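J.: What follows is a single structure, and I will ask about it in a moment.
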């Protein structure tokens, strides 16, 4: 597994880069120690910190927990929001730091109350280093990930996509309510979509398409792309929904 080049627009490339750094951390440090000049010296100082190791390890663990089903992904991430999971990540980070002679995180320096506010007394709300990482890093990162997934994959949009897949991949008919939901969501003619579904399902017979590729092959071989306009548009939509999406990520690259 080799280091990856960083891409500004492809977030999947960013994850691959982080994954390699996480798995090859010791080898990277050894290489930079041998170079010890210019940018290598600066980079070595940056990555040989508790803060760097903790956050890159947290990023890798969080993303690894994500699986195909969005609902399961959210439940999985929600289940990580407990002290046992945090302690596991904390202990793994501490072990990596010990193996590479990296100092443990310092306690936040306590500040005195400014003189204009009375002065003298030390603020008692200062968090210990471990508590600071638990609250401001661990829980904060998980909350951001879960919120972003919920915003990107809202329940209504997911249900429509699943209905479209059901339309193409199974031999069972969608009921009127399900067809109306699709037609309304994509601004299609309901009567036309209902007629096309019957034509498609009759041709499909007792077959079940395993995946969208086989469904598309069946669709084209029977020239449905020329006669079933609404379903043809739905099929195009299904093919152009990126598997991994982000607002600043391009779906296609030249």
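J.: Only one residue in 190, 200, 139 is within 30 Å of residue 85 (Cα to Cα), surrounded by 14 or more Cβ atoms within 10 Å (Cβ to Cβ) and modelled with pLDDT of 90 or more, so which one is that?
T.: 139
J.: Tell me, which residue of the range 75-94 that is part of a helix (DSSP H, G or I) and crowded, with 17+ Cβ neighbours inside 10 Å is modelled with the lowest pLDDT?
T.: So, considering only residues that are part of a helix (DSSP H, G or I) and crowded, with 17+ Cβ neighbours inside 10 Å, the one modelled with the lowest pLDDT is 77.
J.: Exactly one of (1) at pLDDT 85 or above; (2) surrounded by fewer than 11 Cβ atoms within 10 Å (Cβ to Cβ) is unmet by residue 231. Its number?
T.: (2)
J.: Let me ask something else about it. Tell me yes or no: at least one residue of the range 51-72 is out of contact with any helix residue (DSSP H, G or I) (no Cβ under 8 Å at 6 or more places or on another chain), assigned to a helix (DSSP H, G or I), within 29 Å of residue 131 (Cα to Cα) and at pLDDT 80 or above.
T.: Taking every residue of the range 51-72 in turn, at least one turns out to be out of contact with any helix residue (DSSP H, G or I) (no Cβ under 8 Å at 6 or more places or on another chain), assigned to a helix (DSSP H, G or I), within 29 Å of residue 131 (Cα to Cα) and at pLDDT 80 or above.
J.: Could you go through the range 169-177 and let me know if any residue there is in the same structural domain as residue 213 (by TED's automatic domain parsing), at pLDDT 90 or above and assigned to a helix (DSSP H, G or I).
T.: yes
The values are calculated or read from the model by the stated rules, or taken from the named source; none is laboratory data. Computed from a predicted structure; not experimentally measured. Here the Cβ is made from the backbone with ideal geometry for all residues, glycine too, and neighbour counts use every protein chain on show.
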